[in-house]
Structure formats: structure tokens, C-alpha cells
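Student: For reference, the structure I am asking about is given below.
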Amino acid sequence: MTTTLGIWAHPDDEVFVSGGLLADAARRGERVVCIYMTNGEAGLSYGQPSSPADLAALRRRELETSLAHLGVRERSFFGYPDGCLRQVSEQDVISRIHGALDELQPDEIVTFGSDGFTGHPDHKALSASVGGAMCLWDQPGARLNEVVMSTEWKDAFVPALNEFDAFLPGHPTASDDPDISLRLDDELLDAKVEALRAHASQMKNLFDAYGDDFMRALASREHYRVSRGGERAGTLSSLSNPKVVKVFDRSASMSLV
Ligand SMILES: [Zn+2]
């Protein structure tokens, strides 16, 4: 059985950048696991400050509901301090991620690229640590998929998201040449939108401001750069040429373009 491992900094990272890929793997009956470096306790709650303990508990509850929409049943938390991943011993982070890789033996790993998608320092630190753990693990058949943003997506959605300070200065960066592009079918899109909505403390303001149609359009595309691996059999890995763009559209019989 193919195993997909999502490695994230905060609860809600998984669905925002990769909910379709994870839900599709779960729908195929594959094993999907998400691990989180932090509980997301340093963020805002509905746009307002909150006590870290309360917010951590709330975000873990929201995550449970969100992952259920995606069909993801397994998750674990490393408990590092939110917002301070750079201050944690990188060797410690790498060692724990390596331990997860060794235990789970994933075929597909999904995480942030070096730009951290939003530029969040935790995302960037995580990306570097996953790279270090992958080198240590040294399983050439496993594939590392890093989320990237297309220029089209950036132009369509980033101006609105900037109203909510979603990106750090100098971000986002866009790629005109992602290795994999997913277009979610209606079933996956329904699941992803509800999974986004479940992270209410983080997403309600966005839904309220722009509405479901905007969120649906935002959620309908995902893009990845394959930074290593791809030799092991698996649905995504079955594409031997990583430059092939894969489109998820059940009505079009999973057409490749
Ligand atoms: Zn995050």
C-alpha cells in the first residue's frame, strides 16, 4: 500500500496547500499520515489574540474535524513552539522527522518548499529540516513533493489574501513550471472546502470576506515541485517523467495533459 506523509508546521497548513492531494490518496484507500511541528498556538483566533493554551486546544479540535473531511485518520504532533521553529535545534527536528520517515516508510512526502509558500519562518525552517531528514533517510524511491504556487494562482488570489496579511514581505514567489498540477474534481473540492471551513478560527474571516465561490476557486488547484525521488511505484510516482503535468478530474478519467 502506498503511504503519503504530509509534514507541516501548523494545523491548517495541510489543507490550504495540499488538501486535494491528501484527500485523493485517502479516497484511493491509501495510508495518509500528517505530522505537525507545532500546535499553532501563536496565531490569532478569529483575528483576535488568544491564550496559547486555549488556541492550541481549539486548533487541534478543528484539525480533527478538518482531517475527517479529507479522510485522513492518522496525525501526530511534535510539540515544538509555534513561531520559533528556527530557534529549536535543527538536529533535533531532523532527527525526529527522520524517525517518522523510518517508521512510516512513506512513498510520497509532501511539505513546503524553501520559500515556505507564505514565507512563514516556521515553514521555511521545516522545509530545510525535511530536506536534511530525507538525506539522512536516503531512500531514493521515496518522492519529496514540495508545494509551490503557480503564477496564475498568485495573480488570482494573492491580492485578496494580502488583505489578511497571509504572506510575509517578499512573498509569495511563483513558479511557471510546476512538476505536478492538480485540478480537483467536485468530490475532492467539496471535501477540501469543508476541511478549510473546519479550521474556523483561522479561516472564518476569509470565508466571510470573500464567500464560498472564492474559496472554492482558491482550493481547486494545487501545484508541486518534485525535488527528489520518484522511482517507487505509486499513483503519483507512477509518472516516471516528473515534468508531466497530472490533472485530477474524474470526469475526464484522470487525463494527463
Ligand atoms: Zn503554517
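Derivation of every value follows stated rules applied to the coordinates shown; laboratory data play no part. Model, not experiment: these values are computed from the prediction. No Cβ is skipped: glycine too gets one built from the backbone with ideal geometry, and neighbour counts run over all protein chains shown.
Student: What value, in deg cm²/dmol to 500, does the helix sum -39500 (n - 2.57) over DSSP H runs of n ≥ 4 give at 222 nm once divided by the residues of the chain?
Tutor: It comes out at -14500 deg cm²/dmol, rounded to the nearest 500.
Student: Moving on. Hey, can you grab everything whose amide H is under 5 Å from the amide H of Ser150? Only 5+ residues off in sequence or another chain; H modelled, so Pro and N-termini drop out.
Tutor: Hits under the 5 Å cutoff: Ser175.
Student: Still on this structure, please answer the following. Over the range 1-147, calculate the relative contact order: mean separation of alpha carbon pairs under 8 Å at least 6 apart, over the residue count, as a percent.
Tutor: Value for the range 1-147: 28 percent.
Student: How much length is gained on full extension from Ser95 to Asp177, taking 0.36 nm per residue of separation minus their Cα-Cα distance?
Tutor: Working it through step by step, the gained length comes to 26.3 nm.
Student: Also, quick follow-up: By how many nm would the segment from Asp165 to Asp208 lengthen if fully extended, with 0.36 nm per residue of separation less the alpha-carbon distance?
Tutor: So the extension gain works out to 13.9 nm.
Student: What FRET efficiency comes out for Gln48 versus Arg216 if R0 is 41 angstrom and r is the Cβ-Cβ distance? Round to the nearest 0.05.
Tutor: Efficiency computed from Cβ-Cβ geometry: 0.95.
Student: Now for a separate question. Evaluated at 37 °C with a viscosity of 0.692 mPa s, what Stokes-Einstein diffusion coefficient in µm²/s does the range 3-252 have when Rh comes from the Kirkwood expression over alpha-carbon pairs?
Tutor: Roughly 182 µm²/s, to the nearest whole number.
Student: Just to be sure I understand the model, the point goes 7 Å from the Cα along the line to the Cβ. What's the resulting Ala57 to Val158 distance in nm?
Tutor: The modelled label-to-label distance comes out at 3.9 nm.
Student: Let me ask another. Starting with the fewest neighbours, write out Arg27, Arg59 ranked by other beta-carbon atoms found within 10 Å of each beta-carbon.
Tutor: Neighbour counts put them in this order, fewest first: Arg27, Arg59.
Student: If neighbour count is taken as other Cβ atoms inside 10 Å, put Glu62, Glu146, Glu187 in order from fewest to most.
Tutor: Ordered from fewest to most neighbouring Cβ atoms within 10 Å, Glu62, Glu146, Glu187 come out as Glu187, Glu62, Glu146.
Student: Considering Cα pairs under 8 angstrom that are at least six residues apart, work out the relative contact order of the chain and quote it in whole percent.
Tutor: It rounds to 23 percent for the chain.
Student: Another question about this same structure. Starting from 0.36 nm per residue, how many nanometres of slack lie between Glu64 and Glu194 once their C-alpha separation is accounted for?
Tutor: Extending this stretch completely gives an extra 45.6 nm.
Student: Among Asp115, Asp190, which comes first, then next, by fewest other beta-carbon atoms within 10 Å?
Tutor: Starting with the residue having the fewest Cβ neighbours, the order is Asp190, Asp115.
Student: Quickly work out the Cys84-to-Thr151 label distance, labels modelled 7 Å from Cα along the C-beta direction, and quote it in nm with one decimal.
Tutor: Between Thr151 and Cys84, the simple spin-label model gives 4.2 nm.
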